[in-house]
1. Of all residues in segment 51-76, count the ones that are charged (D, E, K, R) and modelled with pLDDT of 95 or more.
2. Need pairs with beta-carbon distance below 6 Å; first residue touching a residue at least 60 places away in the same chain (Cβ under 8 Å) and within segment 28-55, second surrounded by 13 or more Cβ atoms within 10 Å (Cβ to Cβ) and of a type outside the set (G, A, S); sequence gap 6+ or separate chains.
3. Return yes or no: is E168 over 20 Å from the mean Cα position of the chain (by Cα) and of a type in the set (D, E)?
4. Which residue pairs have Cβ atoms under 8 Å apart, sit 6 or more places apart or on different chains, and have a first residue in segment 144-168 that is under 11 Å from V110 (Cβ atoms) and a second that is among the acidic types (D, E) and assigned to a loop (DSSP other than H, G, I, E, B)?
5. Does F57 satisfy the condition of being open to solvent by 20 Å² or more (accessible area, probe 1.4 Å), part of a helix (DSSP H, G or I), touching a helix residue (DSSP H, G or I) at 6+ places or on another chain (Cβ under 9 Å) and not aliphatic (A, V, I, L, M)?
6. If I go through segment 128-176 residue by residue, how many of them are charged (D, E, K, R) and open to solvent by 80 Å² or more (accessible area, probe 1.4 Å)?
7. Among the residues of segment 65-117, write down those that are more than 14 Å from the chain's Cα centre (by Cα), assigned to a helix (DSSP H, G or I) and surrounded by fewer than 20 Cβ atoms within 10 Å (Cβ to Cβ).
8. Before we move on, is A35 open to solvent by less than 50 Å² (accessible area, probe 1.4 Å), part of a helix (DSSP H, G or I) and either closer than 30 Å to A165 by Cα or in contact with an Asp or Glu (Cβ under 6 Å, 6 or more places away or on another chain) (or both)?
Amino acid sequence: MAELATIARPYAEALFKSAGADLEGTAFWLDALGAVAGNEQLLQFADNPKVTNEQVFEVVTQAARVALPSQGVNFLRTVIDNGRLAALPEIARQFRALKNAQGGTSDAIVYSAFPIAPASLAEVSSTLEQRFGRKLNVTVQEDPSLIGGIRVVVGDEVLDTSVRARLEQMKVALTA
């Protein structure tokens, strides 16, 4: 994967520099393109020698379902023309890292066994920002295997207060 990161870096940095003040808008359409480009069937389609770059472009833009500005159209065409469609998810990840570094924020994924109400999410976000000492961009993903509680991932830091984690701790303590 180091090779993919190396390939993605110049694209992410160039896009970051050219995005100017519209970092949030650029991150939105880039994340959508990255999600689509992560599909294995799409990559197989793009690698088919009978398929033209224009056909790949049309499939990606239709699947992404976002309105691409001219900068986005040019960027996607460049990525496809250079045969770097597989690197697009990594480009999106690196772009978001550059954007977060500039804004002094971090992405946080909150895994919860159940949906979290918006009012509760605001309270959890506030608590997590105090705990991690920085502004967080919080997204929630449901994971019924947690049974209850939440598991938070911020970069390489993990805070796990789920029932599943507590049961694992008890299991280890009982078998030790």
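1. The number of residues fulfilling the criteria is 2.
2. L30/F95
3. yes
4. Partner pairs satisfying both residue conditions: R151/D143.
5. For F57, the condition - open to solvent by 20 Å² or more (accessible area, probe 1.4 Å), part of a helix (DSSP H, G or I), touching a helix residue (DSSP H, G or I) at 6+ places or on another chain (Cβ under 9 Å) and not aliphatic (A, V, I, L, M) - is not met.
6. Adding up the residues that qualify gives 8.
7. If the condition is that a residue be more than 14 Å from the chain's Cα centre (by Cα), assigned to a helix (DSSP H, G or I) and surrounded by fewer than 20 Cβ atoms within 10 Å (Cβ to Cβ), then S70, Q71, V73, N74, R77, T78, D81, A86, A101, Q102, G103 are the ones that fit.
8. no
The values are calculated or read from the model by the stated rules, or taken from the named source; none is laboratory data. These figures come from a predicted structure and were not determined experimentally. Glycine gets a Cβ as well: all are built from the backbone with ideal geometry, and neighbour counts include every protein chain shown. Areas reflect the complete protein model, heavy atoms only, side chains present, ligands, DNA and RNA absent. Shrake-Rupley method; radii C 1.70, N 1.55, O 1.52, S 1.80 Å.
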